[in-house]
Amino acid sequence: MRAIAVTALHGEPALVELPKPDPAPGEVRVRIAYAALNPYDWQRADDPAAGTAPGGFPHILGVDFAGQVDMIGRGPSRFRVGDPVFGRVTAPLPGGGAYAEYVSVHQDSPIALVPTGLSLKVAAALPTAATAACQILAATGAGEGESLLIVGAAGGVGSYLTQLASARGVRVLAAVRGDESRRMTILGAARTLDVSAGPEALPAAVRELCPQGVDALADLVSETPDAFAEHAALVRDGGIALTTRGVGGTRAPHTGPLPVDFRLAPTALLLDALATAVTSGAFVVPVDLELPLEKAPEALAQNRAGGARGKTVFALRPFGTAGHHAP
């Protein structure tokens, strides 16, 4: 099968040919139609040993997928061959990522049926980013009438988070760059704050709108404690300052915002809820770009450089919508 993998420590992602994985007991093998790009994918490419079990190379990249069950491992299963499914590879092993024509995952992992009417392309863009947005919103505790500053709002997670928060009545302040403003306003941002004018542009805009500080921060981009601290300084005392990059640090007792290091906890139940929300029109899935699998290395490099908008998906075998697949 075709796959995008790294074949050595700190290696560059490349298209390779590998054997199909055989499903172990309790697993299902999925013939992938679409895989979605997440920043985690290039982070793993930069450090392919991180978060993986020992066992050597190659490491297939990618965690988000949608496709059809084509084989079931021994034992009882809640799936059948031919089921349209989408999910997230939670513990990628050598030979077991989503940037491939096939992947084997345990049936108890975050994997769910794709409901009729939801395309596999859209389903593939949901597992990591939409799950993260739901859980980030819950972790910030932002509610109706409160303010939420989203740094990195135009990416996949930020696009979902903006929609979900605004639907709850949260006043979303979306930090963007220039021409992203219109798109984020359509997605529900109450105000867009252009950060392209320099390092003081965001603090000045936030202080003008919220002199006492915002109620909560979701920082999706800062890679260092200092960068995160600059954004956290815009949060009122007692508010929540959340980072998705593990750079939260600590605070002095009873002063400043509470730093939160977010950790994703995907579940099949939440995937079901997200799919239902999309099919009911509760929010839209911002697929910005569709590419063939062969273009994944270039797309990873561009995403690493920053400025991502919406979601990028890689097409392997476009089957259409759930319940209407090509043979």
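The values are calculated or read from the model by the stated rules, or taken from the named source; none is laboratory data. Model, not experiment: these values are computed from the prediction. Positions of Cβ are backbone-derived with ideal geometry, glycine not excepted, and every protein chain shown enters the neighbour counts. To get the accessible areas, we keep the full protein, side chains included, count just its heavy atoms, and leave off ligands, DNA and RNA. Shrake-Rupley method; radii C 1.70, N 1.55, O 1.52, S 1.80 Å.
A quick yes/no check of all residues on (1) surrounded by 24 or more Cβ atoms within 10 Å (Cβ to Cβ); (2) modelled with pLDDT of 95 or more:
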position: V114; (1), (2): yes, yes
position: L118; (1), (2): no, yes
position: A123; (1), (2): yes, yes
position: T131; (1), (2): no, yes
position: I136; (1), (2): yes, yes
position: I150; (1), (2): yes, yes
position: S166; (1), (2): no, yes
position: G178; (1), (2): no, no
position: S181; (1), (2): no, no
## Note on the structure
Within the stretch 65-89, residues being crowded, with 23+ Cβ neighbours inside 10 Å and part of a loop (DSSP other than H, G, I, E, B) number 1
### Task
Test Y34 against the criterion of being under 24 Å from R245 (Cα atoms) and at pLDDT 85 or above, and give yes or no.
no
### Task
Taking A326 as the residue in question, decide whether it is closer than 27 Å to L15 by Cβ, among the aliphatic types (A, V, I, L, M), modelled with pLDDT under 85 and open to solvent by 30 Å² or more (accessible area, probe 1.4 Å).
yes
### Task
Consider only pairs whose beta carbons are under 9 Å apart and that are at least six residues apart or on different chains; among these, list those whose first residue lies in the stretch 232-251 and is farther than 12 Å from I150 by Cα and whose second residue is assigned to a loop (DSSP other than H, G, I, E, B) and aromatic (F, W, Y).
R245/F262; G246/F262; G248/F262
#### Entry: Residues (of a type in the set (S, T, N, Q) and either out of contact with any Leu (no Cβ under 7 Å at 6 or more places or on another chain) or within 17 Å of L193 (Cα to Cα) (or both)) located in the stretch 129-176
S147, S159, T162, Q163, S166
### Query
Right, R236: farther than 30 Å from D70 by Cβ, open to solvent by 70 Å² or more (accessible area, probe 1.4 Å) and at pLDDT 95 or above or not?
yes
#### Entry: Single match in T90, T128 (criterion: polar (S, T, N, Q) and under 27 Å from A174 (Cβ atoms))
T128
## Note on the structure
If we ask which residues in the stretch 294-320 are over 18 Å from the mean Cα position of the chain (by Cα) and open to solvent by less than 30 Å² (accessible area, probe 1.4 Å), their number turns out to be 2
### Query
What residue, of A299, A268, is in contact (Cβ under 8 Å) with a residue 40 or more places away in the chain, within 18 Å of R44 (Cα to Cα) and out of contact with any helix residue (DSSP H, G or I) (no Cβ under 8 Å at 6 or more places or on another chain)?
A299
### Query
Taking only pairs six or more apart or across chains, which ones have beta-carbon atoms under 8 Å, a first residue in the stretch 43-68 that is more than 12 Å from G11 (Cα to Cα) and at pLDDT 75 or above, and a second residue that is in a loop (DSSP other than H, G, I, E, B) and open to solvent by 60 Å² or more (accessible area, probe 1.4 Å)?
V63/T90
### Message
Step by step: first the residues of the stretch 90-108, then only those that are in a loop (DSSP other than H, G, I, E, B) and open to solvent by less than 10 Å² (accessible area, probe 1.4 Å), then the one that is modelled with the lowest pLDDT. Which residue is that?
### Response
P92
### Count of the stretch 205-228 residues which are surrounded by fewer than 23 Cβ atoms within 10 Å (Cβ to Cβ) and closer than 15 Å to R177 by Cα
2
## Note on the structure
Checked against (1) modelled with pLDDT under 95; (2) farther than 19 Å from F262 by Cα; (3) open to solvent by less than 40 Å² (accessible area, probe 1.4 Å), V170 satisfies every condition except (1)
### Query
Looking at the stretch 109-124, which of its residues are out of contact with any helix residue (DSSP H, G or I) (no Cβ under 9 Å at 6 or more places or on another chain) and either free of Cβ contacts under 8 Å to residues at least 12 places away in the same chain or in a strand (DSSP E or B) (or both)?
S119
### Task
Can you work out which of the residues in the stretch 152-163 that are assigned to a helix (DSSP H, G or I) and touching a residue at least 40 places away in the same chain (Cβ under 8 Å) is most open to solvent (accessible area, probe 1.4 Å)?
V157
